[in-house]
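The values are calculated or read from the model by the stated rules, or taken from the named source; none is laboratory data. As the structure is a prediction and not an experimental result, all values here were calculated from the model. Counting neighbours? That spans all protein chains shown, and the Cβs are built from the backbone with ideal geometry, glycine included. Each accessible area value is taken on the protein alone, full model and side chains, heavy atoms only, with ligands, DNA and RNA left out. Shrake-Rupley method; radii C 1.70, N 1.55, O 1.52, S 1.80 Å.
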Amino acid sequence: MSHFTTPPADTLCPVSLTINGKFHSLDVAPWTTLLDLLRGPLDLTGTKKGCDHGQCGACTVLIDGERMNACLKLAISLDGSEIATIEGIGTLGDLHPMQQAFIDHDAFQCGYCTPGQICSAVGLLKEGHAHSREQIRELMSGNLCRCGAYTNIADAIEEVAGLYGRQGLQEAAE
Ligand code: FES
Ligand code: FES
């Protein structure tokens, strides 16, 4: 659910963002989070709002390639940033390997946490620290799944990590 409401015009600040490869020049209130900007005016509702307090990971996106909680970032602090949301990770006809692996491993039930899980997993591979299942579990611990699909999520990530190997992780993450 978006809590975005149109702010008074005299409070707006300019911000430029590239989101999923598309440049946006926007006027936003200083208190608008990236999450509310995405889900409100930009209608990119693939990014989910769970706790809105940085504790569940449902809102995970990639900011300049790093996985971050969009609910904890003020949009005006991100001027000039490149942001990737689940809508930019892959498309129906051209799924990212991580999306395909989540499907193949049945790594979701309700799916509410899934966009954040996938964005986080893509960022995780790019970090290059996931060399074991234990590390994957630890480094994905910021992404909660109320349906308890953790085993299958780890299976999916492990497959992509193994499939691409260390040298190919950078490619898989892009
Ligand atoms: Fe951002 Fe939960 S909605 S961490
Ligand atoms: Fe339902 Fe993760 S699949 S919360």
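Annotation note: Cβ proximity below 6 Å between a residue of region 51-72 that is on the phi < 0 side of the Ramachandran plot and a residue that is open to solvent by 50 Å² or more (accessible area, probe 1.4 Å) and more than 16 Å from ligand 2 (Cβ to nearest atom) (sequence gap 6+ or interchain) occurs for THR60/ARG67.
Being within 13 Å of ligand 1 (Cβ to nearest atom), touching a strand residue (DSSP E or B) at 6+ places or on another chain (Cβ under 6 Å), open to solvent by less than 50 Å² (accessible area, probe 1.4 Å) and closer than 13 Å to ASN143 by Cβ holds for only one residue in CYS119, CYS56, CYS51, CYS113, and it is CYS119.
Checked against the criteria, LEU42 counts as out of contact with any helix residue (DSSP H, G or I) (no Cβ under 9 Å at 6 or more places or on another chain), open to solvent by less than 50 Å² (accessible area, probe 1.4 Å) and away from ligand 2 (no atom under 16 Å from the Cβ). Might you let me know whether region 94-104 holds any residue that is aliphatic (A, V, I, L, M), surrounded by fewer than 16 Cβ atoms within 10 Å (Cβ to Cβ) and either under 30 Å from ALA161 (Cβ atoms) or more than 14 Å from ligand 1 (Cβ to nearest atom) (or both)? Yes, region 94-104 contains at least one residue that is aliphatic (A, V, I, L, M), surrounded by fewer than 16 Cβ atoms within 10 Å (Cβ to Cβ) and either under 30 Å from ALA161 (Cβ atoms) or more than 14 Å from ligand 1 (Cβ to nearest atom) (or both).
For region 137-151, filtering for residues that are part of a helix (DSSP H, G or I) and either crowded, with 18+ Cβ neighbours inside 10 Å or touching a strand residue (DSSP E or B) at 6+ places or on another chain (Cβ under 9 Å) (or both) leaves 1. Among the residues of region 76-93, those identified as within 26 Å of PRO14 (Cβ to Cβ) and surrounded by 23 or more Cβ atoms within 10 Å (Cβ to Cβ) are ILE83, THR85.
The set of residues in region 59-74 being within 10 Å of ligand 1 (Cβ to nearest atom) and open to solvent by 20 Å² or more (accessible area, probe 1.4 Å) consists of MET68, ASN69, LEU72, LYS73.
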